[in-house]
Amino acid sequence: SQGTKTSGIGISTKLKNEIREEIKRITGLRNTGRKTSLFFVPKGEIGGASGQYNEAERSIKIAISAVDPLGVAYHEALHDFIAGLQESPEGRDLRKALFKAGEMPHVRAQLKELLAKHPAALAQIESDPEERVAYMFQFWAVGQHLGKPIFKVNDKAARNALERLADWIRGLLGVLSESEKAEQVLEALYEGKFADRNIVAAVIQDMKLDTM
């Protein structure tokens, strides 16, 4: 992702601070009692991966040699979000909806294209629904940050006549398609609306994410 890549030998202080601000906004770094800890570490410390999320410690580690550390930060922030969703019935329902969104054909097609040169990541998205959503948020959020769309969550542009009719009916009924719901959730996450885990259920209720 242009504008966030490193030389592969380290992360500048400026980019580290930028990543800290993004993680703080999205995860509520210092907004709750259970704060997220962010560490920049050698790749060997996290098994050769570019990033790692530890749910028990609520910590995010980013490899200092990661090619796109900001994208890695968004990816791991999504894992933190998913972990927090398990704390309420509304959150668990939303978690299921996000996993369902990750199964959408246009989502899977884009992920396969973007990860074509990364066989390990391709294997992850085939077997792990949470990884599919994490990569979906990673690419979508980097595009938001750069002001240059990389990933389309909403599939309206590619829908056929019958699907567009269904969209029109949903509009009359005030409900959302699965892709619209997913996009609204990612936007709210990116904006920091879910940063305080104590009010996640209330935020979900306020968003009125009814689908059909």
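The values are calculated or read from the model by the stated rules, or taken from the named source; none is laboratory data. Given the structure is predicted, the values throughout are model-derived calculations rather than measurements. Heads up: the accessible areas ignore ligands, DNA and RNA and are worked out on the full protein's heavy atoms, side chains in. Shrake-Rupley method; radii C 1.70, N 1.55, O 1.52, S 1.80 Å.
Quick notes on this one:
- Beta-bridge orientation, segment 23-155: approximately 45 percent antiparallel, per DSSP, counting only bridges with both partners inside.
- Residues whose amide H lies under 5 Å from that of GLY51, counting only those 5 or more places away or on a different chain, are ALA63; hydrogens are built 1.01 Å from N in the peptide plane.
- Taking the inverse of the mean 1/r over every pair of distinct Cα atoms in segment 84-147 gives a Kirkwood hydrodynamic radius of 12.5 Å.
- Solvent accessible area, Å² - ARG108, 1.4 Å probe, full protein context: 50
- Overall Cα dimensions of segment 61-119 - principal axes, largest extent first, Å: 38, 30, 15
- Heavy-atom surface of segment 20-120, accessible at 1.4 Å and reported per residue (Å²): 47
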